[in-house]
Amino acid sequence: MKNIVILTGSGISAESGISTFRGGDGLWDGHRIEDVATPEAFERDPDLVQSFYNTRRAQLATVKPNPAHAALVALENAWQGEFLLVTQNVDDLHERAGSKKLIHMHGELKKARCLETGQVYDWQGALTQDTVCACCQREGMLRPHIVWFGEMPLAMEHIYHALRKADIFLSIGTSGLVYPAAGFVQEVRRNNRNCRTVEINLEPTAGRSYFAESVYGKAGEVLPGFVQQLLND
Ligand code: OAD
């Protein structure tokens, strides 16, 4: 029985209608990253940051999982060894498709966190600086449960534990530019020279030389066939 770890990035959600981070103009939905995705930005202009994530949270109601998300659910359901899906995405498309063994290493749009206690809440609607936090009973204490630049990604111990035992590592729809996720392929190779490493992307990425195999195309088009092959191997 083989152990598999899968890393996904915003490319897997592109065909669902969610824009990737580095496509096109270098802006993220019209904003510079440092204006909306850093702790300093939140201190400087919390209303702007809240409203940016409120828009993205609301957008989730207008999109749905695509065949690439579904293929990973089929893989998880049929897989005999250990399985872990690590996503950098903050959307909820993997879980809506049915993925269970899933870690959101960069947080989740549909969660909010208390600045005082660290308590995490499920969150569906808009979050504002007037929202009263249920645990500390104060306004202005809830922030999006998103990992901003300069902050530590979530569940890293769990992820590295799985990477060290991986026999197969797939990296899907991620540019491989943001660490630590970009370094996962090197981590698996360091621990297991025979680990099968596959990059699945529209085009070769900056980290392509670390992968022994590659499949280029839209994830929604190439992943279902790739998963079927993997299950037949
Ligand atoms: P990027 O925008 O950097 O990269 C998206 C990747 O998806 C690119 O390599 C595209 O070629 C590929 N792609 C686009 N459409 C695709 C499709 N239909 N099928 C397959 N691949 C496709 O996004 P990420 O790599 O996810 O972090 O970015 C990583 C992190 O940087 C994000 O999680 C976010 C961002 O800053 C935080 O917010 C902490």
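The values are calculated or read from the model by the stated rules, or taken from the named source; none is laboratory data. Just so it is clear, the structure is predicted and the values come from calculations on it, not from any experiment. Positions of Cβ are generated from backbone atoms using ideal geometry, with glycine treated the same way; all protein chains shown enter the neighbour counts. These area figures cover heavy atoms from the full protein model, side chains too; ligands, DNA and RNA do not enter into them. Shrake-Rupley method; radii C 1.70, N 1.55, O 1.52, S 1.80 Å.
Numerical summary
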{"read-out": "Positions within the range 159-185 being within 16 Å of the ligand (Cβ to nearest atom) and open to solvent by 40 Å² or more (accessible area, probe 1.4 Å), in sequence order", "value": "175, 177, 179"}
{"read-out": "Selected residue (only one of 152, 156 is without any contact (Cβ under 8 Å) to a residue 12 or more places away in the chain, closer than 19 Å to residue 178 by Cβ and out of contact with any strand residue (DSSP E or B) (no Cβ under 9 Å at 6 or more places or on another chain))", "value": "152"}
{"read-out": "Selection count, the range 115-158, where residues are touching a Leu at 6+ places or on another chain (Cβ under 9 Å) and within 16 Å of the ligand (Cβ to nearest atom)", "value": "5"}
{"read-out": "Number of the condition not met by residue 100 [criteria: (1) more than 16 Å from the ligand (Cβ to nearest atom); (2) closer than 18 Å to residue 59 by Cα]", "value": "(2)"}
{"read-out": "Members of the range 103-126 that are open to solvent by 20 Å² or more (accessible area, probe 1.4 Å) and more than 29 Å from residue 83 (Cα to Cα)", "value": "115, 116, 117, 125, 126"}
{"read-out": "Residue within the range 143-154 that is open to solvent by 60 Å² or more (accessible area, probe 1.4 Å), out of contact with any His (no Cβ under 7 Å at 6 or more places or on another chain) and at positive phi present", "value": "yes"}
{"read-out": "Tally of residues being within 16 Å of the ligand (Cβ to nearest atom) and among the charged types (D, E, K, R) across the range 86-95", "value": "2"}
{"read-out": "Tally of residues being outside any helix (DSSP H, G or I) and within 17 Å of the chain's Cα centre (by Cα) across the range 39-95", "value": "14"}
{"read-out": "Filter result for residue 215 (within 16 Å of the ligand (Cβ to nearest atom), modelled with pLDDT of 95 or more, farther than 29 Å from residue 54 by Cβ and assigned to a strand (DSSP E or B))", "value": "yes"}
{"read-out": "Residue that is farthest from the ligand (Cβ to nearest atom), among those in the range 196-210 that are within 21 Å of residue 153 (Cβ to Cβ) and without any contact (Cβ under 8 Å) to a residue 60 or more places away in the chain", "value": "197"}
{"read-out": "Which listed residue is free of Cβ contacts under 8 Å to residues at least 24 places away in the same chain, away from the ligand (no atom under 11 Å from the Cβ) and open to solvent by less than 40 Å² (accessible area, probe 1.4 Å), from 83, 52, 42", "value": "52"}
{"read-out": "The lone exception for residue 223 - which of (1) of a type outside the set (Val, Ile, Thr); (2) assigned to a helix (DSSP H, G or I); (3) more than 9 Å from the ligand (Cβ to nearest atom); (4) surrounded by 15 or more Cβ atoms within 10 Å (Cβ to Cβ) it fails", "value": "(3)"}
